[in-house]
Structures are given as structure tokens and as C-alpha cells.
Amino acid sequence: MKRLAGCSTKKLLTLSVFSFMLSVSLAQAQQGDPKLTEVYSPVPPVVTPGKACGDAPSDAILLFDGKNLDKWRSVNDSTKPADWNVAHNIITVNKKAGNIETKQSFMDYQLHIEWRIPANITGEGQARGNSGVFLASTGPGDAGYELQVLDNYNNSTYTNGQVGSVYKQAVPLANACRKPGEWQSYDIIWTAPRFNDDGTLKTPAYVTAFYNGVLVENHFELKGQTRYIGQPFYKQHGPCPIKLQAHGDKSEPISYRNIWIRPL
Ligand code: MG
């Protein structure tokens, strides 16, 4: 072995001992006390899951209990009740009554909602089982952020407007449609946008959504509120209701059931 230039035997020995001790202490650190990296606080709250997949867990707020629409109201006139039809534990859209929204407002949440396109649905494109879950309702009409509800089982339309899209913003990652007549589900994680005092955007909204258990939106950053014409943009708001859309198609209306939410 060549001796390093300028190094005496004594110096080399010292260097060797030092590097040996260094490697021993590194090995000791890696094999050290595992408790140093264990966390015991905070303790996650106990949540009892529902009996079956899709059932509300113990800490969820039931937005529809199968009996009435007491937790909902008309969007056009917030003093009026939500005049959609309730029968057999199911809500069915009443297009004459317009959109409905929750009385309670939310920021970030986990939402479960199920819907059914009628088996005898007719129409095509956007006029085939059109409804929508507005993740934050910022007023009458289509103000807010729409996760599209539509029958795309055998029905094509612009892809950023098909079921599972953030309407006109995000093409869904998959078309996981079930046949008309079958119940379908959304499981949604919503992060509300935050605004500065002067109304400018502080942090955008994000959505993750599973459609019939299939990931269709993966932490998608929204560009603003849904707009039918033109580009989306943000407008300052705080906590908002969740809105369901009465699109007003000519065919049979769609139905909803099993709606629950966990504020985050
Ligand atoms: Mg819609």
C-alpha cells in the first residue's frame, strides 16, 4: 500500500483509529434507542367505522337520514325548505324547485354521497342524468365548485364535463360509470380555498375524489369557481354549504341517498 504523501506512520495510525471510532459510533446511532423516533401524542380520536363500506362512521354528520330534508334548504330562497321529493329513504330531484344546499356551512371535509341515474334515462351529452355536487355553494345558480354528476355509461361528452370531472377544469382519471339504474357513489376530500383580508387568494382549493371506489381526482388544485362560459376564477368566501344541482333535463330526474360528512 502506498503511503499517503506527507503522512508519517503515526499520523496514519491516528487517522485509522479515528475513522474506525467514527464508523463504530455511526453504527451505534443506527442501532440506537428506537424510542427516540416514536411519537405518543397527539392520540388520534377513536372513530367507529360503519358496518359496511359506505356506511357513516360514528363521528359523521348525517346530511340525509332517509326521512326528510330538514338539513337542506332552497338555494334560490334560503328561507324556503328544500322542496325535492323524499320517499323510500331516497331524495329525488325536483327540477321545479331548483338547486338545494345544506343549512350548515363547512370548510374542509370528507363527504360520502350516493346517487342513481334512472334506468330509463334518455337524452345525450350533457342532457343525460345531469346533476352535480357543488363542493362549496357560493350562491344561487351554478356558483361554486362542481363535481359533475352525469350518465357517461354509454354517453360521450367533452371530457372535462363528464362524470367525475371538476366541471370544465379537470378531466377525471377514469370513467368508472355503473349502468343507469344502479347506485353509485362519490367519496370526496375537500380542502377549501383560503383568502387574504383584501380578497386575494391565499391558498387554492384542492379535491380528491373516488367514484365508485376508483380515484378520479387526485389532490387536484382548482383554478377557481365553476364557470359554464369562460375561465374559472376565485372570489372570496368563507365556510360554505354543499349544493346539489337540479339541472332541469327533460328526462327522469336522478336520486340521492346516504349522504354524510366529516368536517376535517
Ligand atoms: Mg352538472
*Can you tell me the 0 to 90 degree angle between the C-alpha axis of helix 9-30 and the longest principal axis of the chain, rounded to 10?*
30
_Can you return the aspartates and glutamates within cross-link range of LYS235? Criterion is Cα-Cα under 17 Å, with same-chain partners fewer than 8 residues away left out._
ASP142, GLU146, ASP197, ASP198, GLU221
*Reachable lysines from LYS67, criterion Cα separation under 25 angstrom, eight or more residues apart if same chain*: LYS51, LYS80, LYS95, LYS96, LYS103, LYS243
*Taking only Cα atoms and a 10 Å spring cutoff, compute GNM fluctuations for the chain and point out the largest among ASN120, ASN94, ASN68.*
ASN120
*asked:* Running a GNM on the chain with Cα contacts under 10 Å, which residue among PRO253, PRO42, PRO140 ends up with the highest mean-square fluctuation?
replied: PRO42
*If you bin every alpha carbon distance in segment 27-126 into 5 Å steps from zero, what whole percent lands in each bin?*
2, 9, 13, 16, 14, 12, 9, 5, 5, 4, 3, 4, 3, 2, 0
*asked:* Could you sort PHE210, PHE64, PHE195 by their accessible area in this structure, using a 1.4 Å probe and putting the largest first?
replied: PHE210, PHE195, PHE64
*Stretchable slack from HIS88 to TYR228, in nm (0.36 nm times residue separation minus alpha-carbon distance)*: 47.0 nm
*asked:* Rounded to the nearest percent, how much of the accessible area of segment 195-260 (1.4 Å probe, protein heavy atoms only) is carbon and sulfur?
replied: 50
*Can you work out ³J(HN,Hα) from phi for every residue in segment 101-106, in order, using Karplus 6.51 cos²θ - 1.76 cosθ + 1.60 and θ = phi - 60°, giving whole Hz and x for Gly and Pro?*
9, 5, 6, 7, 9, 9
*Using Cα pairs under 8 angstrom and six or more residues apart, how large is the relative contact order of segment 61-263, in percent?*
31
_Between LYS103 and VAL47, what's the calculated FRET efficiency when r is the beta-carbon distance and R0 is 41 Å? Round to 0.05._
0.95
*What nm value, rounded to one decimal, do you get for the distance between THR203 and GLN236 when each label is placed 7 Å out toward the C-beta?*
1.9
*Where is the GNM fluctuation largest for the chain (alpha-carbon springs, 10 angstrom cutoff): ALA87, ALA205, ALA170?*
ALA87
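So if the hydrodynamic radius of segment 61-263 is defined as the Kirkwood radius over C-alpha pairs, what does Stokes-Einstein give as its diffusion coefficient at 10 °C and 1.306 mPa s, in µm² per second?
Calculated translational D: 95 µm²/s.
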*asked:* As an exercise, take the mean of 1/r over every pair of distinct alpha carbons in segment 71-136, invert it, and state the Kirkwood radius in angstroms.
replied: 13.7
*Using a 1.4 Å probe over the heavy atoms of the protein chains, calculate the carbon and sulfur portion of the accessible area of segment 31-86 as a whole percent.*
56
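The values are calculated or read from the model by the stated rules, or taken from the named source; none is laboratory data. In this text, all values refer to a predicted model and were calculated from it rather than measured experimentally. Backbone-built Cβ (ideal geometry, glycine too); neighbour counts: all protein chains shown. In case anyone asks, the SASA skips ligands and DNA or RNA and just uses the protein heavy atoms, side chains included. Shrake-Rupley method; radii C 1.70, N 1.55, O 1.52, S 1.80 Å.
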